[in-house]
Structure formats: structure tokens, C-alpha cells
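Everything below concerns the one structure shown next.
The values are calculated or read from the model by the stated rules, or taken from the named source; none is laboratory data. None of these values were measured; they are calculated from a predicted model. Neighbour counts are summed over all protein chains in view; Cβ atoms, including those assigned to glycine, are modelled from backbone coordinates with ideal geometry. Surface accessibility is based on the protein's heavy atoms, side chains included, excluding ligands, DNA and RNA. Shrake-Rupley method; radii C 1.70, N 1.55, O 1.52, S 1.80 Å.
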Amino acid sequence: MVGIDTGRFTNTYLWREPPWESGSRLTDAYIHLGSPQFAQKAFDHIARKNLHSWNTIISGYSNNKLFLGVLRLFSRIRREFVRVDSFNLVFAIKACVGLSFLKDGNLIHCMAVKFGLEVDPYVAPALGKMYCQLGDLGDARKVFEGFPERNSVPWGVMMKGYLKHLKELEVFELFNRMQSSGFELDDFTLEGLVRACGNIAAGKEGKMFHGLCIKKNLIDSNVYLQTSLVYMYLKCGLLNCGLKLFEEVSERDMVLWSTMISGLAKNGKSFEVMALFRQMLQQSLTSDSFTLASILLACSLGGSLKLGKSVHGYMIRKGVDLDVVNYTAFIDMYARCGSLAMAQKVFARMPVKNVVSWTAMINAFGIHGLGSEALAFFDQMRSENQGIVPTEEHYACMVDLLGRAGKIDEALSFIKKMPIKAGASVWGALLDACRIHKRVEIADKVAKKLLPLETDKASVYVLLSNIYADSGRWELVNNIRHKFGKKGLHKSVGFTTIEVGKKLHIF
């Protein structure tokens, strides 16, 4: 704290109504020392404040994420100094984003218009980003269209706004406009296009953009673009391409490691995930909660209780703050690895429970065949005290429980009484129950509901084919297999794991 003490000593001389230059320098010094309260005192003792001194204190508050303080200072500028500029406007806009204050953002937008700064090259992108972040894509688009000379920044901001709200088609519409206007793609805009390809599993187009990145020599020095390309390949199921690109990256940050681990886990590659996790630990990288949630998913898929407990212990030793995602991942992992008691303990210790965590616990009881307990939890979740509205996944879980118990007709009746329209997960659970209990006549009806919802999912065709094969209806089996082949679908190779003597065996 020597620096701050020195600053206080200097301050005794400069607080006697210092000129704005000295006051601004002292304010800036306190900001860099991480002492905004002393920066505020130094600022308040400036007798004649100008825009430079106002902007110095506002930037300090913004950099320390003291967003309410930023807005209070901005309000003081309007009262005491009258004028604003693009610099303090941008910080006020960022504060509105940090606080999710859309109405205040609208007022600041009006102020920018009043002072003729709405198309300023710094203010306009900040306004567009604010509207995108806070969900007002209509106003974001208006800001974008009103920008007279667009560089890559407004194009990229608008693309990322659409991506945030899963509007990939609008991203490609912007890309077409860029091409027609002769605008050259750069790393900022290509990052958005690559992620859009990943979100809609457009692997062919994603590879095309990858080739364009290589042609423009944009990849080697841009970790954000590298991460987006890896994300795209994993989302499209092109695991070898994603892994190859990951291995080619010389300097991998935590976000890239998390992207790779998460993508492999979601593609069911549990053993590859664990190998990558060990490799990451060898490089002395500290895992974040997002990465560890993906590791737990891999443990669940692999059925390794030992590895799951090891990850749990690692998180405790490292003092990782558990959020609702991590708690829920633990519940799912322990349930799938055979330790229902530990799943219940984790659920009981959760400080905050949401709809996903309740679903995980209901599913845990279902996995272990405890239908009564699952139904009791379902009723408890729907109670007024919890205030949670059941989703389709909850109803699918109930259908699965009834189906496993052989109560197919009751499951059908339950579906008919559902307050929401049954989707793929509900009909899929019932179809699987029909296979277990050989209810072919109902399977035919369920398949008619399910196939239009999941036309490109291989597991549906395989399940239906197995149902017909078990009942000796070979003509229907051949018909299903013909459709399966015509669509170019492939059956995933299955494997089983069992943990014996703290060792995981695969066969």
C-alpha cells in the first residue's frame, strides 16, 4: 500500500483547489491503484472541471465495473457541465449493459441524438451492442441501418447479436448483404459466421469459411477465431477436424480447452474428455466451473464413479464456487454411476434449486426404478412453494417411469392430459417403453407422432426397426432400414462400461 500512502501525501498539496491538470492526474493515479473512493475525493476537489477530468473519473468507475457510479457521474455531467461527448456516452452505454438497464439506455440514446452523436464511430457500435445484449434486436437493427459508413465493427456486432438470440438465418442474410456491397470479411465478422454454421450444424459451409480464414491468413494469431472454428466442428459432429485444429493451436487459453472438452462430452466421447482433462492439468491450467461441468458429464456417460468422485474432490480442494449447473451435474453423475444416496445429498445441500436441478433429481429416482419417489418429487416441484412450472422434460420423465413399469395405457392417458403439446422426448420415452413391453400396436401410433419430429435421428429408426424385428414383422423392418439408408444415417457403435475394483472396463 506504499503507492496509495504516497498518493495521500501528494494529495495534501494538490487538494488545495488544484488546477484541473493536476487533479485529473491524481484522480487517474488513484484509479490505477484500485482506490476509486480516493479518486472520487481527488475529483471532487477540482475547482474547475472540464471534460477531461469528468472522463477520467468515469473511465475509472467503468474499468472497476462500478456501473451505478458511472451513471451517477454521467447524470452529474448533465447537471453541472451540460455538455457530453462520445467518450462518456460510451461508458454510460456500457454501464446500462452491465446493469441490464434498457430504459436508461434508451434515454442515453436520445441524448446521443440530441448532441448529434448517434452515428459517431464509437457511440453507434456501443448502442448496437447494448440493444443486442439486452434483447432489443429491432432497435439494434435500426442503429445498424442508420450507420453511414460501416466497417467490420457494426457488421460483427449485429451478427453476434443475432447469434446470442439464436437467429442464425439473419446472420447469413447479413453475410449476403456484405457480399453484395463488396465488403471484405475480416476475423471479427468471420467469427460470427463460423459460430452460426455451428449452431445449425452446417459443416460444409463452416469448412468453406475455415478455408477463407486460411486464405486470408487470419487463424494463427487469433485465438477467438480458432475457438469458434473448433466450436463449429464439434457442434457439427466433425470431431476429427475439431481435434486436429485444436492440436495445431500453439497457445491454448482456458476458453479453447473448455470448448474442446465440452464438445467432446456432448458428443459422448467420455474417455477422450478424461484424457484431455489430464493433459490440461499437466499444463498447470486451472479449470473453471464450466469445464468441470463438462468433465462430470463425461463421467456420467462413462459410468465411472471413481473419476466422478475425483473431480468432486478436485473442485473442493481448489475451492471452486459451485453454481446450480455444477450441482445439477453432480446429481446426474452420481445417479448414473449408481450412487443415488450421494445424488440426494448434493440436491439437499443446494442453496438454490431451479427447474433443471429438480428434473435431474426426478430422473435420478427414475434411473433407479423408484417411481413412487419420483412422482412425489414431481408433485413437490409443482407445489406453490416451489413455483416451478413443469417442462416437457418433466413430463417425458413421468412417461418413462410409467412405461418402465409396464403401464403403457396409463402413460398414453397421462400424455393426453398434459397441459402442453407432447414433443419428441415424450413420444421417444413411450416408444422405448413399447419396445420393452412388446406393445407393437401402440408403437405404430407413437412412431407416426415421433418420426416427423426427429426425421434425421438414427436412434428413432433403429428403435422402431428393433420393435418390428422382435415381433417378426420383417417387411416393416426392411422398409425402415430402406428409409434409414436413403437418409444417409449411420448407427452409432455401442459399448458398455463397468467399474470393478476401482478400474473401468470397456466392452
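Restricting to segment 300-314, name every residue that is in contact with a Ser or Thr (Cβ under 6 Å, 6 or more places away or on another chain) and assigned to a loop (DSSP other than H, G, I, E, B).
Across segment 300-314, the qualifying residue is only Gly303.
Could you tell me which numbered condition Ile388 fails, if it satisfies all but one of (1) surrounded by fewer than 17 Cβ atoms within 10 Å (Cβ to Cβ); (2) over 26 Å from Gly338 (Cα atoms); (3) of a type in the set (A, V, I, L, M, F, W, C)?
Unmet condition: (1).
Give the residue that is modelled with the lowest pLDDT, with candidates limited to residues of segment 455-469 that are polar (S, T, N, Q) and in a helix (DSSP H, G or I).
Ser459
For (1) of a type in the set (Gly, Ala, Ser); (2) open to solvent by 50 Å² or more (accessible area, probe 1.4 Å); (3) at positive phi; (4) part of a helix (DSSP H, G or I), each residue gets a yes or a no:
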| position | (1), (2), (3), (4) |
| --- | --- |
| Leu225 | no, no, no, yes |
| Leu234 | no, no, no, yes |
| Glu247 | no, yes, no, yes |
| Ser250 | yes, yes, no, no |
| Gly263 | yes, no, no, yes |
| Phe271 | no, yes, no, yes |
| Met280 | no, no, no, yes |
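On the given criteria, is Lys167 among the charged types (D, E, K, R), over 22 Å from Pro121 (Cα atoms), in contact (Cβ under 8 Å) with a residue 24 or more places away in the chain and open to solvent by 20 Å² or more (accessible area, probe 1.4 Å)?
Judged against the criteria, Lys167 is a match.
Any residue in segment 72-93 that is free of Cβ contacts under 8 Å to residues at least 24 places away in the same chain sitting within a Cβ distance under 8 Å of a residue that is in a loop (DSSP other than H, G, I, E, B) and surrounded by fewer than 20 Cβ atoms within 10 Å (Cβ to Cβ)? List the pairs, counting only those 6 or more apart or interchain.
Going by the 8 Å Cβ cut-off, the qualifying pairs are Ile77/Arg83.
So how many residues does segment 94-143 have that are open to solvent by 30 Å² or more (accessible area, probe 1.4 Å), closer than 17 Å to Leu68 by Cβ and in a helix (DSSP H, G or I)?
8
Within segment 150-195, track down each residue that is of a type in the set (D, E, K, R), over 23 Å from Leu256 (Cβ atoms) and not in a helix (DSSP H, G or I).
If the condition is that a residue be of a type in the set (D, E, K, R), over 23 Å from Leu256 (Cβ atoms) and not in a helix (DSSP H, G or I), then Arg150, Lys167, Glu184 are the ones that fit.
Which one of the conditions (1) open to solvent by 30 Å² or more (accessible area, probe 1.4 Å); (2) under 23 Å from Phe115 (Cβ atoms) does Ile57 fail to meet, given that it meets all the rest?
(1)
A quick yes/no check of all residues on (1) within 28 Å of Cys236 (Cα to Cα); (2) touching a residue at least 40 places away in the same chain (Cβ under 8 Å); (3) in contact with a Leu (Cβ under 7 Å, 6 or more places away or on another chain); (4) not aromatic (Phe, Trp, Tyr):
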{"site": "Gly371", "(1), (2), (3), (4)": "no, no, yes, yes"}
{"site": "Asp432", "(1), (2), (3), (4)": "yes, no, yes, yes"}
{"site": "His437", "(1), (2), (3), (4)": "no, no, no, yes"}
{"site": "Leu450", "(1), (2), (3), (4)": "yes, no, yes, yes"}
{"site": "Gly472", "(1), (2), (3), (4)": "no, no, no, yes"}
{"site": "Glu475", "(1), (2), (3), (4)": "no, no, no, yes"}
{"site": "Lys483", "(1), (2), (3), (4)": "yes, no, no, yes"}
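With the checklist (1) in a helix (DSSP H, G or I); (2) of a type in the set (Gly, Ala, Ser); (3) surrounded by fewer than 18 Cβ atoms within 10 Å (Cβ to Cβ) in hand, flag the one item Gly369 doesn't pass.
The single condition Gly369 does not satisfy is (1).
Is there a residue being at pLDDT 80 or above and touching a Ser or Thr at 6+ places or on another chain (Cβ under 8 Å) anywhere in segment 342-350?
Yes.
Could you please let me know if Leu243 is in a helix (DSSP H, G or I), open to solvent by less than 40 Å² (accessible area, probe 1.4 Å) and of a type outside the set (Val, Ile, Thr)?
The answer is no for Leu243.
Among the residues of segment 196-209, which ones are surrounded by fewer than 22 Cβ atoms within 10 Å (Cβ to Cβ), in a helix (DSSP H, G or I) and touching a residue at least 24 places away in the same chain (Cβ under 8 Å)?
Matches in segment 196-209: Asn199, Gly203, Lys207.
Only residues that are within 25 Å of the chain's Cα centre (by Cα) and farther than 16 Å from Leu163 by Cβ: list them for segment 178-207, please.
If the condition is that a residue be within 25 Å of the chain's Cα centre (by Cα) and farther than 16 Å from Leu163 by Cβ, then Asp186, Gly203, Lys204, Lys207 are the ones that fit.
In this structure, is Lys65 of a type outside the set (Val, Ile, Thr), in a loop (DSSP other than H, G, I, E, B) and either surrounded by fewer than 16 Cβ atoms within 10 Å (Cβ to Cβ) or in contact (Cβ under 8 Å) with a residue 24 or more places away in the chain (or both)?
It is true that Lys65 is of a type outside the set (Val, Ile, Thr), in a loop (DSSP other than H, G, I, E, B) and either surrounded by fewer than 16 Cβ atoms within 10 Å (Cβ to Cβ) or in contact (Cβ under 8 Å) with a residue 24 or more places away in the chain (or both).
Determine which member of the set Phe188, Phe172 is at pLDDT below 90 and open to solvent by 20 Å² or more (accessible area, probe 1.4 Å).
The conditions single out Phe188.
Scan segment 315-338 residue by residue and report those that are part of a helix (DSSP H, G or I) and open to solvent by less than 30 Å² (accessible area, probe 1.4 Å).
Result: Met315, Asn326, Thr328, Ala329, Phe330, Ile331, Met333, Tyr334, Ala335.
Within the group Phe91, Phe74, Phe87, which residue is surrounded by fewer than 21 Cβ atoms within 10 Å (Cβ to Cβ) and either out of contact with any Cys (no Cβ under 8 Å at 6 or more places or on another chain) or modelled with pLDDT under 70 (or both)?
From the options Phe91, Phe74, Phe87, the qualifying one is Phe87.
Scanning segment 23-54 for residues that are in contact with a helix residue (DSSP H, G or I) (Cβ under 7 Å, 6 or more places away or on another chain) and not in a helix (DSSP H, G or I), which turns out most open to solvent (accessible area, probe 1.4 Å)?
Arg48
Tally the residues that are under 16 Å from Asp400 (Cβ atoms) and either of a type in the set (S, T, N, Q) or over 29 Å from the mean Cα position of the chain (by Cα) (or both), restricting the search to segment 411-432.
Adding up the residues that qualify gives 10.
Taking into account only those residues within segment 435-473 that are among the hydrophobic types (A, V, I, L, M, F, W, C) and open to solvent by 60 Å² or more (accessible area, probe 1.4 Å), which is farthest from the chain's Cα centre (by Cα)?
Ile436
Return the total of residues in segment 433-448 being in a helix (DSSP H, G or I) and more than 12 Å from Ala405 (Cα to Cα).
Result for segment 433-448: 10.
Output the residues belonging to segment 413-423 that are touching a residue at least 12 places away in the same chain (Cβ under 8 Å) and either surrounded by fewer than 18 Cβ atoms within 10 Å (Cβ to Cβ) or not in a helix (DSSP H, G or I) (or both).
Met418, Ile420, Ala422, Gly423
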